[in-house]
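FYI, it's all coordinate maths here, none of it is from the lab. This one's a predicted model, so the numbers in the text were calculated from it and none came from an experiment. For neighbour counting, all protein chains shown are included, and Cβ atoms are generated from backbone atoms with ideal geometry for every residue, glycine included.
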Amino acid sequence: MTYKRKDGRKNDEFRPIKAKVGVVPNADGSAMYQSGETIAIAAVYGPRKMHPQHQQNPEKGTLRCTYNMLSFSVQDRIRPGLSRRSTEISKITEWALEPVLMLEKFPNMVVDVFINIIQADAGTRCAGINAASMALAHAGIPMKNLVSSISAGKMDKTIVLDLDKYEDSEFEEGEGSTDIPISMTPDGKITHFQLDGKINSTQLKEVIDMVQKACKEIYEIQKKALKDSIEDKEWQTNIVKH
Ligand code: ADP
């Protein structure tokens, strides 16, 4: 059986993306990243002194990410507060972003990133990482690069990009569905990779190639959102001047 996507997308096509920087005025940096019906907002606070003091690291700063899926983000209301899933995704987000951050410049300090998923239709960890990466750059945290993230997977035997909720959790035909979220820098260095399911090495190579191509495009979208935010600022300054 060849799998055909319900929403008519090609196998290597991601959902429509929107990205905007500077969406939370009170934060030091912020960004929104939308992929189809999935929307993530990231807000960065810091670097600031780490409290409690015993958690301070004199060698480098700490990146602390808090991922949260809001109660109304899915059809059935989710119980608010921490869950095993949100704790896991918070950790994964830290690991995905740490390799590009120059945390050695901030000993004893903490950079807090709060990620809120306001609408969820699968791919929320990737959307959160994309939003967080832009928000950290917007906050002026020294970074070697941006991180871009998307998942690809296997629907029965067919490789597809950017699974939606139906593809991620409801599809059960043949071998069922395998979701593989991956994050990488624009030069293809993988900072995060998750795989829960079965896939052979040829198919896995196809997944990585597909993700790498998509991440390059996502990187351009992230970069454009950051540039647009600078132009927005100039525009606002002009308004004040006149
Ligand atoms: P990701 O969102 O990164 O793909 P998961 O694979 O854990 O992470 O979740 C897939 C999707 O399942 C979510 O985007 C969301 O739409 C839905 N989902 C996850 N957890 C819950 C929950 N507790 N209640 C309802 N829907 C959920």
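Sequentially through segment 30-39, phi angles give Karplus couplings (6.51, -1.76, 1.60; θ = phi - 60°) of 7, 7, 10, 9, 10, 10, x, 8, 9, 10 Hz, Gly and Pro residues having no value and appearing as x.
Note on the chain: Rg/Rh from Cα positions, Kirkwood definition for Rh, rounded to two decimals, is 0.99. Residue separation of Asp209 and Arg64 scaled by 0.36 nm, minus their Cα-Cα distance, works out to 49.2 nm of gained length. Multiplying the residue separation of Arg77 and Asp196 by 0.36 nm and subtracting their alpha-carbon distance yields 40.3 nm. Placing a pseudo-label 7 Å from each Cα along the Cα-to-Cβ vector at Met102 and Ile230 gives an inter-label distance of 1.6 nm. GNM remark for the chain: springs join alpha carbons under 10 Å apart, and the peak mean-square fluctuation among Gly81, Gly29, Gly140 falls on Gly81. Computed from the C-beta positions of Asn57 and Glu217 and an R0 of 30 Å, the FRET efficiency is 0.25 to the nearest 0.05.
Taking only the Cα atoms of segment 105-242, the ratio Rg/Rh comes out at 1.07, with Rh defined as the Kirkwood radius.
Within the listed set Ile92, Ile78, Ile159, the Gaussian network model of the chain (springs between alpha-carbon atoms below 10 Å) gives the highest mean-square fluctuation for Ile78. Taking 7 Å steps out from each Cα toward its Cβ at Lys18 and Arg85 produces label points 2.4 nm apart. Axis angle, to the nearest 10 degrees, between helix 124-138 and the longest C-alpha principal axis of the chain: 30 degrees.
If a paramagnetic tag sat 7 Å from the Cα of Lys4 along the Cα-Cβ line, which residues of segment 137-158 would have the backbone N under 18 Å from that point? From segment 137-158, the list is 155-158.
Cα convex hull, segment 8-72: 157 Å³ per residue, rounded to a whole number.
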